[in-house]
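K.L.:
Attaching a single structure in structure tokens format; questions to follow.
Every number in this text was worked out from the coordinates using simple rules, so none of it is lab data. For clarity, every value in this text was computed on a predicted model and none was experimentally measured. No Cβ is skipped: glycine too gets one built from the backbone with ideal geometry, and neighbour counts run over all protein chains shown.
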Amino acid sequence: MAEYESIHGTRVRYLTSDPTLDSTTEGQVWYNSTTGTNKTLVQIKATLSSGSLSTARAGLAAGGSSPQTVGIVFGGTSAYPNTDTNATEEYNGFNWANGGNLNLARTYMAGFGTQTAAVGAGGYDHGNGDKSEVEEYNGSTWSEVTDLPGNQRSQGAAGTQTAGLVFGGDPPGPIRTQSLEYDGTNWTSSGTLNTGRKYLAGCGIQTLALAVGGSTGDPARSAATEEYNGSSWTSGNSFTEGRSALACFGVQTHAVIAGGADPGIVSSIEEYDGTNWTTSPATLATARRYFAGFGSGTAGAVAGGGTPGITAATEEYNSNINAFTTPSWASGGNLNTARLRGAGAGTQTAGLMFGGTSPSTNETGDTEEYNGSSWSEQNNLGEVRARLGGAGTQTAGLAFGGSSPGVSLEVDTEEYNGTSWSEGGDMSTGRYDVGGAGTQTAALAIGGFNNTASLTTTEEYGGTSWTSGGALNTARRLIAGAGIQTAALAMGGTPTSTANEGYNGTAWTNLTSKNTGAPSGAGGGTQTSAVCFISNGNTEEWNGTGWTNNATMATARSYLSGCGTQPAGLGFGGYASGAKNNTEEYTGTDPTVTASTLTTS
């Protein structure tokens with residue numbers, strides 16, 4: 001049997017611990033003498049569900065050259081049998097936002113380009129038949145440009161807005177072998193496919209394109225692969241499972257195909273290395289056909305399609321050294337005192353809850369610490385209160401504002417040292433339902449309510465006293481805060497708001513709005529990586545640019561408290577047919593690199 005050295009020309013490294021796991025380690029093999037195992041770092045292939053389209057549709061097109069995090073889809077059928085849509089949606093890596101509408105609603109277009117420079121060509125109008133119209137997108141609006149030389153639909157496509165390529169398709173007459181190149185103004189005939197096909201897919205650039213799959217005539221489904229060199233097509237190795245109405249993304253030397261019909265609807269995924277196809281261990285969670293794909297061979301995305309119903313589902317495909325955890329909620333230890341309208345601080349394994357309203361009394365000063373599995377009673381707040389703000393950590397917490405017996409608008413501040421509470425400097429503006437962020441010595445009090453109206457007021461705490469900060473753009477109370485004093489986030493709030501603002505230490509700026517508003521919520525994290533969970537149980541993650549919907553809490557509740565980070569959040573207390581003592585732990589999207597152990601058999 002050949003040895004590793006004779007095959008690869010190098011010896012297996014002998015190490016007492018694993019090396020740094022990053023892209024430079026990928027493909028390497030080593031022996032870990034501490035664990036007594038041979039190990040390697042290999043690519044992990046997986047799909048991950050993401051934010052759904054606003055308009056569910058099949059037969060849609062995409063700007064296939066778009067990266068995974070900046071995608072675009074347009075057109076398609078939003079309802080069977082014949083409801084064409086002109087809707088355009090833009091993807092930010094987590095969620096979709098509506099863009100400018102196509103001038104002509106249609107299905108089975110050829111799509112290529114990027115989010116800010118896309119092309120939709122041909123297609124089928126259920127009211128008027130096959131079309132030759134071509135439109136260009138500039139990032140906000142579509143404009144009509146030079147038509148295709150004849151009506152056609154179901155073509156494959158590749159390239160950019162100024163160097164595009166469409167190929168195959170139908171009608172009229174027999175299934176097409178024709179290729180047409182686009183230079184941003186005109187269409188020119190080029191080399192013909194070796195196998196004429198409709199409902200095929202394509203990817204790559206104009207001079208290095210790939211044509212895959214398709215139908216050569218019902219019920220025949222093709223597994224053909226052809227490569228384009230800028231003038232002619234050459235047949236390559238076929239893939240494993242012939243299919244039409246599939247998605248393709250990547251480049252000629254590293255492409256991915258997914259889903260389609262064979263003629264049954266499939267979920268399988270295959271990768272191409274420029275020569276051969278291999279079946280990926282990952283599959284689509286939603287088997288589909290007539291859908292759109294974009295991105296690279298290592299990071300792509302698909303959206304919409306027929307199931308055979310119509311879906312809005314989006315999935316990302318990743319083929320790299322990172323493993324992505326699936327977001328989820330799990331039960332934690334119950335609070336000793338069930339309550340709502342309290343405040344939280346700290347982390348998932350070192351949490352702090354203080355104040356609130358309990359079933360047996362009105363406002364309470366109860367303080368509890370969480371160690372990752374159970375809560376323990378601590379010394380109470382000096383002043384009994386509810387609807388207060390919180391910031392800091394388990395050993396250096398901060399409580400401010402709220403309402404107490406006889407005082408509806410508290411200004412008192414208290415500092416916690418891990419054992420007991422002591423008085424701090426008073427706030428300038430008394431209020432309750434106030435949001436909080438930051439640390440004990442550099443905190444923010446955000447928004448709130450003054451018995452009459454929601455506030456835009458922000459105050460900054462320096463460890464002894466409060467000073468005025470920049471005003472929120474949207475007045476709110478029950479805001480979920482995250483981050484630090486000079487880089488904070490104000491998420492949602494009441495009135496039922498999707499508003500999201502970032503603070504730079506001086507002023508608030510409107511950021512991408514949350515997907516879902518609710519009367520109250522909680523969360524944690526940083527200005528660029530946060531989690532927010534709201535009264536109906538919905539959870540959203542923020543990546544600094546956009547929001548994605550994730551796992552739902554087991555117990556939906558209002559007026560809950562929370563703390564932690566985006567990959568490790570904590571939600572506790574709240575109201576659902578009475579005060580709750582439930583605690584739930586959140587595991588968020590967290591890419592990790594893990595070496596694989598090699599075994600012999």
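K.L.:
For the chain, what does the helix formula give at 222 nm: sum of -39500 (n - 2.57) over DSSP H segments with n ≥ 4, over the residue count, nearest 500 deg cm²/dmol?
P.N.:
Values: 1 runs with 5 residues, N = 601.
So the calculated ellipticity at 222 nm is 0 deg cm²/dmol.
K.L.:
Ok, one more. Report the full-extension gain for the segment N237 to T116: residue separation times 0.36 nm, less the Cα-Cα distance, to one decimal in nm. Please report the intermediate quantities before stating the final value.
P.N.:
Details: separation 121, 0.36 × 121 = 43.56 nm, distance 3.40 nm.
The N237-T116 span can extend by a further 40.2 nm.
K.L.:
At most 15 other Cβ atoms within 10 Å and a DSSP loop assignment: could you name the chymotrypsin sites (Phe, Trp or Tyr not before Pro) in the stretch 208-300 that fit? Please report the intermediate quantities before stating the final value.
P.N.:
Values: sites: Y228, W233, F239, F249, Y272, W277, Y290, F291, F294; in loops: F239, Y290, F291.
Here no chymotrypsin sites (Phe, Trp or Tyr not before Pro) fit, given the DSSP loop and packing criteria.
K.L.:
How far apart, in nm, are the 7 Å Cα→Cβ label points at N128 and S143?
P.N.:
In this crude spin-label approximation the distance works out to 2.1 nm.
K.L.:
Would you mind calculating the gained length between S328 and Y14 on full extension (0.36 nm times residue separation, minus the Cα-Cα distance), in nm to one decimal?
P.N.:
Details: separation 314, 0.36 × 314 = 113.04 nm, distance 3.82 nm.
Gain in length upon complete extension: 109.2 nm.
K.L.:
Using a Förster distance of 35 angstrom, determine the FRET efficiency expected from the C-beta separation of T467 and T419, and round it to 0.05. It would help to have the intermediate numbers written out before the result.
P.N.:
Numbers: r = 28 Å, r/R0 = 0.81.
Once the sixth-power term is evaluated, E becomes 0.80.
K.L.:
Of the chain, which part is the longest with no GluC sites (Glu not before Pro) in a loop (DSSP not H, G, I, E, B) and with at most 15 other C-beta atoms within 10 angstrom?
P.N.:
Values: sites that count: E3, E26.
Longest run free of exposed loop sites: 27-601.
K.L.:
If I model a spin label as a point 7 Å beyond the Cα along the Cα-Cβ vector, how far apart are those points for Y80 and S577 in nm?
P.N.:
Distance between label points: 3.9 nm.
K.L.:
Which of rounded, prolate or oblate describes the stretch 334-591 when judged by the alpha-carbon gyration tensor and an a/c cut-off of 1.5?
P.N.:
On the way: a/c = 1.34, a/b = 1.06, b/c = 1.27.
Rounded shape, in that the Cα axes give a/c under 1.5.
K.L.:
Which label marks the calculated value of Rg and Dmax of the Cα atoms in Å, given the options (1) 28.3, 85; (2) 27.8, 122; (3) 28.8, 96?
P.N.:
Read-out taken from this structure: (1).
K.L.:
Would you please classify the overall shape of the stretch 46-319 from the alpha carbon gyration tensor, given that a ≥ b ≥ c denote the square roots of the eigenvalues, rounded means a/c under 1.5, and beyond that prolate means a/b larger than b/c while oblate covers the rest? Walk me through the numbers on the way to the answer.
P.N.:
Values: a/c = 1.26, a/b = 1.02, b/c = 1.23.
Here the stretch 46-319 falls in the rounded category.
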